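Here's the structure we're looking at; comments come further down.
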Amino acid sequence: MNAVTVNWIAIGAVEDIPPRGARCVTTPQGRIGVFRTAEDQVYAIEDHCPHRGGPLSQGIVHGASVTCPLHNWVISLETGEAQGADEGSVKTIPVKVEDGRLFIAIEALATEAV
Amino acid sequence: MTEKLVIIGNGMAPGRMLEHLFEKAPGRYAVTIFNAEPRVNYDRIMLSPVLSGEKSYEEIVIHGDGWYIDNGITLYKGHRIVAIDRAAKTVTSDHGVTESYDKLVIATGSMPFILPVPGHDLPGVLTYRDLDDVQAMLLAAQSRDRAVVIGGGLLGLEAAAGLRERGMEVTVLHLMPTLMERQLDPAAGYLLQRAVEERGIKVITKASTKAIHGDGKVESVELENGTIIPASLVVMAAGIKPNAALAKETGLAVNRGIVVDGGMRTSDPDVFALGECAEVDGRVYGLVAPLYEMARVAAAQLAGEGQASFVHSDTPTKLKVTGIDLFSLGDFADGDDREEIVLRDAASGVYKRVVLKDNRIIGTVLFGETMDGAWFNDLKKKETDISEMRDTLIFGQAFQGGSPMDPMAAVAALPDDAEICGCNGVCKSRITGTITAKGLTSLDDVRAHTKASASCGTCTGLVEQLMALTLGDAYNPAAVQPMCGCTELGHDDVRRLIKAKQLKTIPAVMQELQWKSSCGCAKCRPALNYYLVADWPDEYADDYQSRFINERAHANIQKDGTYSVVPRMWGGVTSSAELRAIADVVDKFAIPTVKVTGGQRIDMLGIKKEDLPAVWSDLGKAGFVSGHAYAKGLRTVKTCVGSDWCRFGTQDSTGLGIRIEKFMWGSWTPAKVKMAVSGCPRNCAEATCKDVGVVCVDSGFEIHFAGAAGLDIKGTEVLGLVKTEGEALEHIVALTQMYREQGRYLERIYKWARRIGYDEIRRQIMDDADKRKAYYDRFVFSQKFAQVDPWSERVSGKDKHEFRPMAAVGFKEAAE
């Protein structure tokens, strides 16, 4: 595991996020939305809709997607791709759950934290 | 060489004739039209929906100005032809324009028959023929006064229904013992009268008008038996007569109408006549189908197809009054050589009668259920021997061949040449063929390409069924528009099933109603959450994750992700202390924009989400609560200063506004609800474009509803007049509760009311005291759980997670 340059950064617990909801994490590179689905899967994506920059973490979470609160684009939490007829995508951020604790990985952060 | 074609009249018949002509012989004629009306060609049979408010003039235009330009037509609007010189082959208009012609078409239509009684020429006596009449009626209807319609035929009843819809007290006078006696037998006439009366229209049959009285304008109508009926508007709809005067002056053969042969030629071979002014084989016509047939024949003749000839056929009659289904066809008089089959279902108000002669249908009357009209029409037209299905004939097509069929199967079973659209003579195969050939998927496309259901619209259902049949799953008829992609069910079905099956959670709804997705989508979840909140106020636990961010954060999200905050200012009244508190909050949180809203309060824009609880805390200390400016719920009650200050004020409009707002705040509704109370009819609070409004008058409070001043603009309907503030509150609350229980999510009051029917709402809220009380009680019960200030809750720590980032990572200071 040590060979991997990515650093996992603790951001809190799964319970901190309501099911079918999201919280955001602020970073120097911008905000990240961390989402929890009805089935307790957790995803992290840029909190910036590809359409007009709406805060995706404020949208309604359904299945593994979120609907942007500004103009109703639907973004896949798994791939970051806009769904349906809309075109665009946001960056997805690796996230893992260990013992109910949440970690995200940001490359830029990795270099800084080492 | 181009020939000159001059047309007198710009109605539906010549319009249709030109369409055919341009198709058959493009470029052959240079066309000039003289229209006595100052406008383009519009759908005259849709005047009734314009009168009732279901359509606008723009929606019924058949040929816009562009069409005339595209086809090189010279259109003289507002020019009446005063002379035809057949020797010189010219026509001259009242504005002095003279045009020469090679071929002339007279399409002057018909004139309303005016009863020659004393007072028939008083101002306030109108006819019902064109858009000017409709506009005059709409103007008169604003008084919401009394109207008398003379004539209980098709036009008269449509006019009466429209005027009633516009808020007038309407009486229909009909000379004969039953309504529409030319198209209906007495039994159906009776049912029709009952249905008309249920809409609040008074009907007097065997009523012979003696005189119209008034000093300078209409004041009343007197009958032969001495009855006096007060009225400020009288509509003459006692029939029409062909407008053949011009033709007669110019020496053409005229009988009842302008006499033409089967090819639409008058006694002068270069002059044609068509439409309501023409008489073929001793018959004149008023329904659109035969007039369109004349148009087809005239176009063919003008294009040089000499064999084209007009053939008479019976046309079914349908009434265009929403909610009254009526169909009549052919001959249904009693006779020794005739048999009849009758079906009556008193409970559902259905009456069907088929008249047979030699085992063939010669007439049909359907009331209350007209689905099988097309089928009976087809059997009659083809003179089908019905002895085989005699026993089940009256039950309709669905019952033939043993087991009942669903409506789709019934349409599928229609033969290819069955007529679907009577107005435009479009048969089934023409529609299905065009859908396939052109790849049409929407009703509008089908209308554009085939004209089916493009005139009176009564066959829209059939056309939609044909589309469903042809396109299969690719077509979703609008009538059963599903809530969203997660279900096949529409909003109404979902609401009904939530109550019927006692479904009290979103997962229960999704499970029991077989949702196709695991946890819904951003369309259905907020709707379901609302329905459950509204239906089970004490039991349902509000699902915040199914609310839009505005209702979750109790503020309005802005385009940059910041929020705006609007505290409640009851009735739009504020104080120095409140304003000072707002000023302090603005300074403390460096709020960039402060704006006065249209609802008489103050909006603070550009607040960071993290700051919201602290902003609310400070506002709360000054006594402010949430203004719900973000909610599908009660927003504002706008008021004027009323009798407290205004020299015109009749009541305490400010006080009533505050009372309503304090009573109703916090309630969730299908869509936002904005109210207003004006202290006098000058209406400074603009109550007549609100969801619910009150206009105070000396005698009490006039309650209004179903206005709109957003995407659509619509004046309110009057619910009724009540005497006291307490009654006003009770009626408004009951109305709102009715809407809360029946509205579709995101459907504003004016759309809901149009769907339910203004009269039905008046009946339940104004006339039925028990119903009103029950609605009122249910609202009050629901308020026990709803009137909690969401801001103070959040200041006390509720939903903390909503307003704070989960973590801040990667920042220098955070890392160390």
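The values are calculated or read from the model by the stated rules, or taken from the named source; none is laboratory data. Just so it is clear, the model here is predicted, and its values are computed rather than measured. In this analysis, Cβ positions are derived from the backbone assuming ideal geometry, glycine residues included, and neighbour counts consider all displayed protein chains. Accessible surface is based on the protein model in full, side chains and every heavy atom, while ligands, DNA and RNA are left aside. Shrake-Rupley method; radii C 1.70, N 1.55, O 1.52, S 1.80 Å.
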**Request:** Would you list the P(r) distribution for region A:8-113, with all Cα-Cα distances sorted into 5 Å bins from 0 and each bin expressed as a whole %?
**Result:** 2, 14, 26, 25, 18, 10, 4, 1, 0
**Complete:** For region B:513-564 the trypsin sites (Lys or Arg not before Pro) that pass both the DSSP coil test and the at-most-14 other-Cβ-within-10 Å test are B:Lys516, B:Lys559
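Counting residues in region B:3-55 as N, plug N into 2.2 N^0.38 Å and put the Cα Rg over that result.
Values: Rg = 13.7 Å, N = 53, 2.2 N^0.38 = 9.9 Å.
So region B:3-55 has a normalised radius of gyration of 1.38.
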**Request:** Quick one: grab Rg to one decimal and Dmax as a whole number for region B:491-547, Cα atoms only, in Å.
**Result:** 10.1, 29
**Request:** Measure up B:Lys217/B:Lys248; B:Lys24/B:Lys241; B:Lys662/B:Lys690; B:Lys674/B:Lys771 against 27 Å on the Cα-Cα distance and list the ones that go over.
**Result:** B:Lys217/B:Lys248; B:Lys24/B:Lys241
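Taking a 1.4 Å probe, which of A:Glu81, B:Glu249 shows the most accessible area, and what order do the others take after it?
B:Glu249, A:Glu81
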**Prompt:** Could you sort B:Asp337, B:Asp473 by accessible area so the largest value comes first, with the probe set to 1.4 Å?
**Reply:** B:Asp473, B:Asp337
**Heavy-atom accessible area per residue - region B:114-238, 1.4 Å, Å²** = 42 Å²
**Asked** Taking region B:114-238, how much of its Cα-Cα pair set, in percent, is spaced more than 25 angstrom apart?
**Response** 16 percent
**Prompt:** Expressed as a whole percent, how much of the Cα-Cα distance distribution for region B:669-763 exceeds 18 Å?
**Reply:** 39 percent
**1.4 Å probe, heavy atoms, protein only - residues of region A:14-50 losing at least 50 Å² accessible area vs chain alone** = A:Arg20, A:Arg23, A:Thr26
**Request:** Let me know the charge dipole size of the protein assembly as shown about its Cα centre in debye, to the nearest 20, where only the beta-carbon of Lys, Arg (+1) and Asp, Glu (-1) is charged.
**Result:** 1580 debye
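Please report the net charge: other residues with Cβ closer than 9 Å to the Cβ of B:Gln545, K and R +1, D and E -1.
Surrounding charge for B:Gln545 is +3.
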**Asked** Which semi-axis lengths, in whole Å and largest first, follow from the square roots of five times the eigenvalues of the Cα gyration tensor of the protein assembly as shown?
**Response** 60, 35, 29
**Asked** What figure in square angstrom, to the nearest 10, would you give for the accessible area of B:Thr441 with a 1.4 Å probe?
**Response** 80 Å²
**Directionally averaged projected area (convex hull, Cα atoms, region B:78-164), nm²** = 8.1 nm²
**Message:** Give the B-A buried accessible area in Å², both sides summed, 1.4 Å probe, nearest 100.
**Reply:** 2400 Å²
**Asked** How much accessible surface does B:Thr108 have with a 1.4 Å probe, in Å² rounded to 10?
**Response** 40 Å²
**Message:** For B:Lys380, give me every one of the lysines with a C-alpha distance below 25 angstrom, ignoring sequence neighbours fewer than eight places off in its own chain.
**Reply:** B:Lys318, B:Lys320, B:Lys352, B:Lys357, B:Lys428, B:Lys451
**Asked** How high is the relative contact order of region A:8-113, given as a whole-number percent (alpha carbon pairs under 8 Å, six or more residues apart)?
**Response** 26 percent
**Positions from region B:492-538 whose accessible area shrinks by 10 Å² or more when the full protein complex is built, not the chain alone, probe 1.4 Å** = B:Ser518, B:Cys519, B:Gly520, B:Cys521, B:Ala522, B:Arg525
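For the protein assembly as shown, which whole-number percentage of the solvent-accessible area (1.4 Å probe, protein heavy atoms only) is attributable to carbon and sulfur atoms?
Reported share for carbon and sulfur atoms: 50 percent.
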**Prompt:** Mean projection of the alpha-carbon convex hull of chain B over all orientations, in nm²?
**Reply:** 44.4 nm²
**Request:** Indicate the gyration tensor shape class of region B:435-502 (rounded, prolate or oblate), computed on the Cα atoms with a ≥ b ≥ c the square roots of the eigenvalues: a/c under 1.5 is rounded; otherwise a/b larger than b/c is prolate and the rest oblate.
**Result:** prolate
**Prompt:** Between B:Val105, B:Cys484, B:Ser575, whose Cα lies farthest towards the positive end of the dipole of the protein assembly as shown when Lys and Arg beta carbons carry +1 and Asp and Glu beta carbons carry -1, centred on the Cα centre?
**Reply:** B:Ser575
**Asked** Can you list the residues, at least 5 places off or on another chain, whose amide H is less than 5 Å from the amide H of B:Val105, using H built in the peptide plane?
**Response** B:Val6, B:Ile7, B:Ile8, B:Phe272
**Request:** Could you please put B:Lys672, B:Lys248 in sequence from largest to smallest accessible area, using a 1.4 Å probe?
**Result:** B:Lys248, B:Lys672
